[in-house]
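Quick notes on the structure that follows.
The values are calculated or read from the model by the stated rules, or taken from the named source; none is laboratory data. Here the structure is a predicted model, which means the values were calculated and not measured. Ideal geometry is used to build each Cβ from the backbone, glycine not excepted, and the neighbour counts take in all protein chains shown.
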Amino acid sequence: MSEIKVNKISPRAACGTVTLGDSGDTFTIPAGATITNAGTANGFGATGAVNWQTTVKTSGFTAVAGEGYFVNTTGGEISVNLPAGTAGAVVGIKDYAGTFDTNKVTLVQNGSDKIGGSTDNPELIDEGIAVTLVFVDSTQGWLVTDSGLQSEVSAPTFIEATGGTITNTPTCRIHTFTGPGTFQITRISTVAANNALAYMVVAGGGAGGGANAGSTGGAAGGGAGGFREGRNNPITPYTASPLAAACSALTGTVDSFPITVGAAGTGQNRDKGTNGSPSTFSTITSTGGGGGGARAPSPGSVGNGADGGSGGGGAYGASTCGTAGSGNTPPTTPPQGNNGAAYSNFESGSRPGGGGGAGAAGFPAGGNCRGGNGGTGVTTSINATPTAFAGGGGGAAGPAPTAGGTGGPGGGADGSSGAASNAGTVNTGGGGGGRSGAGQSCNTTGGNGGSGIVIIRYKIG
């Protein structure tokens with residue numbers, strides 16, 4: 001292969017023409033080579049394209065064919081003089097600061113050149129507009145071949161976030177936290193309504209009470225963890241619980257949100273169950289469920305149910321009739337839970353109450369040596385499946401068990417069999433069941449509550 005090295009190729013005659021090769025020949029530009037056009041390029045199929053100048057224009061100027069300009073009219077109106085029209089010449093203008101609607105740009109023709117077939121000077125008055133003009137001929141002059149607005153460029157329309165276990169529905173994304181973590185929003189939508197965050201925050205359930213051996217009084221059920229839910233339809237559509245306040249979703253911002261998932265209360269030997277721990281997300285805090293009262297010889301206060309998201313039930317503590325724990329403590333609107341049921345005398349025996357649930361208060365004791373049922377929980381489809389949460393634990397009296405509330409199947413154990421009390425279901429905030437001491441040679445321990453959960457849901461389609 002031959003090689004010619006020269007610094008310049010010129011025609012023989014002044015202002016002549018130089019032809020490279022013959023028809024059908026191919027010329028290859030190697031990688032790394034640069035071709036710089038300092039004149040006019042014709043016949044390359046690039047008519048209508050401009051080289052955009054990144055030095056922003058802030059005052060009137062004369063455009064050069066083949067160049068595009070970013071024009072900032074923040075300081076006032078600007079006139080742009082178009083170059084002399086030659087066929088194929090092109091000029092571009094773009095609103096740099098989105099201010100053409102306040103301070104316009106006037107396009108001034110050169111001499112007798114027309115713009116769009118008219119001798120009038122047109123004005124650019126749309127915010128964010130960009131136009132490309134190509135000179136065609138003396139009849140039409142400069143014609144607009146391309147135009148657009150900045151708003152036509154797609155901007156983020158939905159939230160982007162990380163954290164927890166992520167699942168999707170066709171229109172929503174769901175983040176589920178069964179333990180502590182961080183909900184991190186990395187991008188929000190330019191459509192304000194799409195930044196709504198539906199949420200469900202359930203605290204840990206309280207544990208049921210225990211009893212001393214041989215007791216006929218039994219022990220009470222623990223209260224469910226506090227339940228709080230918010231959403232905005234139709235932005236985050238799903239079938240919510242009755243406790244979801246209307247238009248109560250949170251608004252997402254680019255930020256990190258620590259998530260706390262409340263631990264369950266633990267059953268104690270011949271003592272009141274401990275309260276569950278709170279769960280938190282952003283400004284929402286749900287209180288742990290109250291522990292259920294115990295059947296114990298002393299002190300008498302162990303028979304009282306504890307206050308909490310839902311209150312624990314009351315039992316016969318020593319010589320004291322146990323009171324019910326108060327739910328919705330501290331108060332929220334809608335309420336995060338309900339009261340437990342107090343100890344009650346029934347027929348010839350004493351009977352402990354059930355713990356409160358999110359959907360109803362704990363139930364008082366009934367006949368046939370049964371403790372009170374736990375208050376029912378509530379059902380929501382925030383996780384895309386109808387699921388019950390925050391039911392209260394049942395109280396236990398004598399040898400017969402009792403049912404726990406929906407979502408927290410705590411219940412008193414069969415005293416004659418020595419079976420352990422039922423615990424609240426994990427990650428539902430259910431209250432633990434009380435444990436009777438009837439027929440037992442050893443003191444008993446109440447059932448643990450169920451741990452809490454946090455779920456966040458937002459629109460993605």
Within region 154-167, is there a residue that is touching a residue at least 40 places away in the same chain (Cβ under 8 Å) and of a type in the set (D, E, K, R)? no
I'm trying to understand the selection: among the residues of region 85-115, which are within 46 Å of the chain's Cα centre (by Cα) and at positive phi? Gly98
Just checking, does region 284-295 include any residue being of a type in the set (S, T, N, Q), crowded, with 24+ Cβ neighbours inside 10 Å, modelled with pLDDT of 95 or more and closer than 24 Å to Arg270 by Cβ? no
Those strands (runs of 3 or more DSSP E) completely within region 80-194 that have 1 or more residues that are over 30 Å from Ile460 (Cα atoms) and in contact with a Leu (Cβ under 6 Å, 6 or more places away or on another chain) are 90-95, 105-108, 129-137, 141-149
Out of Thr62, Thr73, report the one residue that is of a type in the set (S, T, N, Q), over 17 Å from Thr132 (Cβ atoms), surrounded by 14 or more Cβ atoms within 10 Å (Cβ to Cβ) and modelled with pLDDT of 95 or more. Thr73
Pick from Gly408, Gly366: which is under 28 Å from Ser279 (Cα atoms) and at pLDDT below 90? Gly408
From the list Ala196, Ala245, pick out the single residue that is touching a Phe, Trp or Tyr at 6+ places or on another chain (Cβ under 9 Å) and farther than 30 Å from Asn422 by Cβ. Ala196
If a residue must be in contact (Cβ under 8 Å) with a residue 24 or more places away in the chain, within 30 Å of Asn168 (Cβ to Cβ) and either of a type in the set (Phe, Trp, Tyr) or in a loop (DSSP other than H, G, I, E, B) (or both), how many such residues does region 201-254 contain? 23
Among Val191, Val144, which is of a type in the set (A, V, I, L, M), at pLDDT 90 or above and more than 21 Å from Thr387 (Cβ to Cβ)? Val144
Among the listed residues Val6, Val18, Val50, Val56, which satisfies the condition of being at pLDDT 75 or above, over 18 Å from Pro83 (Cβ atoms) and either out of contact with any strand residue (DSSP E or B) (no Cβ under 7 Å at 6 or more places or on another chain) or surrounded by 10 or more Cβ atoms within 10 Å (Cβ to Cβ) (or both)? Val56
Cross-chain or 6+ apart pairs with Cβ under 9 Å, region 84-97 first and farther than 27 Å from Leu149 by Cβ and assigned by TED's automatic domain parsing to the domain that holds Gly60, then of a type in the set (Asp, Glu) and surrounded by fewer than 23 Cβ atoms within 10 Å (Cβ to Cβ): Ala84/Asp113; Ala87/Asp137
Of the numbered conditions (1) in contact with a strand residue (DSSP E or B) (Cβ under 9 Å, 6 or more places away or on another chain); (2) closer than 30 Å to Arg231 by Cβ, Leu143 satisfies every one except a single condition; which is it? (2)
Mind counting the residues in region 194-226 that are among the hydroxyl-bearing types (Ser, Thr, Tyr) and at pLDDT 95 or above? 1
Checking Ala244 against (1) touching a Cys at 6+ places or on another chain (Cβ under 6 Å); (2) among the aliphatic types (A, V, I, L, M); (3) over 30 Å from Ala365 (Cβ atoms): exactly one of these is not met. Which one? (1)
All positions within region 338-352 that are modelled with pLDDT under 90 and assigned to a loop (DSSP other than H, G, I, E, B): Tyr343, Glu347, Ser348, Pro352
